[in-house]
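Here's the structure we're looking at; comments come further down.
The values are calculated or read from the model by the stated rules, or taken from the named source; none is laboratory data. Every value quoted in this text rests on a predicted model; they were computed, and no experiment measured them. Using ideal geometry, Cβ is built from the backbone for each residue, glycine included, and neighbour counts are taken over all protein chains shown.
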Amino acid sequence: MLNGVMLLWFLLTGLSVLFVAVDSLRTPESPVLKWAFILFTAYTGPVGAFLYVLGCREPLPGLHAQYTATPWRQTLGSTMHCVAGDGLGILVGAVIGGLVALPVPAEIALEYGLGFGFGWVIFQALFMQASAGGSFTRALRNTFIPELVSMNYLMGAMMVVMAFGAWWLPESREPTGPVFWFVIAMALLTGFVTAWPVNAWLVRRGLKHGMMTVRPPGSREAPAGGHGEHGGGHGGHAGPAVTSGEVAFQVVLSFLVLGAGLAIALSLGH
């Protein structure tokens with residue numbers, strides 16, 4: 001039965017990625033978020049395609065900015081962006097760890113390091129450099145804490161799913177087999193759900209960006225005198241003032257979630 005479920009999942013995932021990749025060409029979304037949605041759909045299959053249609057696809061010409069301004073769609077953009085970037089690094093680490101048979105603690109450290117590195121340096125700081133006035137150093141500084149807490153929630157949940165997968169299906173440790181990719185997909189989907197609440201807080205406080213609208217300068221829908229780009233978070237509307245105590249609380253809470261996930265994974269020996 002599992003083989004049939006996996007076959008259906010992979011077929012739907014392929015069709016979903018093709019649809020999002022083609023359809024997003026005409027969606028006036030930020031290029032980095034278009035690529036993030038393609039990656040996210042590759043991880044989550046039809047779920048990603050469904051969320052793209054419901055949360056990002058322009059319903060009628062000229063309505064994208066208004067459509068994506070709702071809080072849950074802004075949170076979707078933030079969370080999906082996190083999963084796309086961090087997930088890519090975690091996936092690379094899991095493949096390397098599986099191929100060379102790293103000890104469990106070493107593989108977890110590799111996955112966390114690559115996941116945080118991909119998400120922070122590339123998908124956050126590099127791609128959002130323009131929102132920090134063109135300064136890469138400032139972009140790194142601005143995105144460090146938001147990326148850290150979001151990554152901790154994602155990784156904490158993923159470790160639990162991957163550990164249970166390895167305990168229930170030992171072949172899920174082999175990157176050359178389909179079970180590995182199916183379990184990784186389920187782990188990323190679970191991590192997405194787990195990271196949603198903290199991303200909602202980050203977007204609401206203006207610490208992370210959500211969906212954005214990008215149109216060619218001079219187009220009918222572009223803001224006069226602007227570059228046709230607007231959205232939430234970095235470069236978008238400022239959220240309510242956030243205190244250092246609130247930030248510290250969220251950082252500590254994220255590490256507690258990460259620690260709980262690590263404890264469960266290590267207790268299962270996977």
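For region 23-43, does any single residue satisfy the condition of being small (Gly, Ala, Ser), surrounded by fewer than 19 Cβ atoms within 10 Å (Cβ to Cβ), in contact (Cβ under 8 Å) with a residue 12 or more places away in the chain and in contact with a strand residue (DSSP E or B) (Cβ under 8 Å, 6 or more places away or on another chain)?
no
Here is a yes/no grid of residues against (1) of a type outside the set (Lys, Arg); (2) surrounded by 17 or more Cβ atoms within 10 Å (Cβ to Cβ); (3) out of contact with any Cys (no Cβ under 7 Å at 6 or more places or on another chain); (4) assigned to a loop (DSSP other than H, G, I, E, B):
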residue	(1), (2), (3), (4)
HIS81	yes, yes, yes, no
GLY115	yes, yes, yes, no
ARG141	no, no, yes, no
ILE145	yes, yes, yes, no
MET159	yes, yes, yes, no
TRP167	yes, no, yes, no
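So how many residues does region 144-194 have that are over 28 Å from VAL247 (Cα atoms), under 18 Å from the mean Cα position of the chain (by Cα) and not β-branched (Val, Ile, Thr)?
So the answer is 5.
Out of GLY239, GLY233, GLY225, report the one residue that is crowded, with 17+ Cβ neighbours inside 10 Å and modelled with pLDDT under 90.
GLY233
Name the residue, out of THR143, THR137, that is hydroxyl-bearing (Ser, Thr, Tyr), free of Cβ contacts under 8 Å to residues at least 40 places away in the same chain and over 20 Å from THR44 (Cβ atoms).
Selected residue: THR137, the only one of THR143, THR137 that is hydroxyl-bearing (Ser, Thr, Tyr), free of Cβ contacts under 8 Å to residues at least 40 places away in the same chain and over 20 Å from THR44 (Cβ atoms).
Pick out the one residue from ALA125, ALA200 that is buried (at least 22 other Cβ atoms within 10 Å of the Cβ), in contact with a Ser or Thr (Cβ under 9 Å, 6 or more places away or on another chain) and more than 18 Å from LEU91 (Cβ to Cβ).
After ruling out the rest, the residue left standing is ALA125.
Report yes if LEU114 is within 20 Å of THR213 (Cβ to Cβ), modelled with pLDDT of 95 or more and of a type in the set (A, V, I, L, M), otherwise no.
Criteria not met by LEU114.
For (1) under 22 Å from MET128 (Cα atoms); (2) more than 13 Å from the chain's Cα centre (by Cα), each residue gets a yes or a no:
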| position | (1), (2) |
| --- | --- |
| ALA36 | yes, no |
| PHE40 | yes, no |
| ALA49 | no, yes |
| THR68 | yes, yes |
| GLY77 | yes, no |
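For PRO59, only one of the following conditions fails: (1) part of a helix (DSSP H, G or I); (2) without any contact (Cβ under 8 Å) to a residue 60 or more places away in the chain; (3) within 24 Å of LEU12 (Cβ to Cβ); (4) in contact with a Phe, Trp or Tyr (Cβ under 7 Å, 6 or more places away or on another chain). What is its number?
PRO59 satisfies all of (1) part of a helix (DSSP H, G or I); (2) without any contact (Cβ under 8 Å) to a residue 60 or more places away in the chain; (3) within 24 Å of LEU12 (Cβ to Cβ); (4) in contact with a Phe, Trp or Tyr (Cβ under 7 Å, 6 or more places away or on another chain) except (1).
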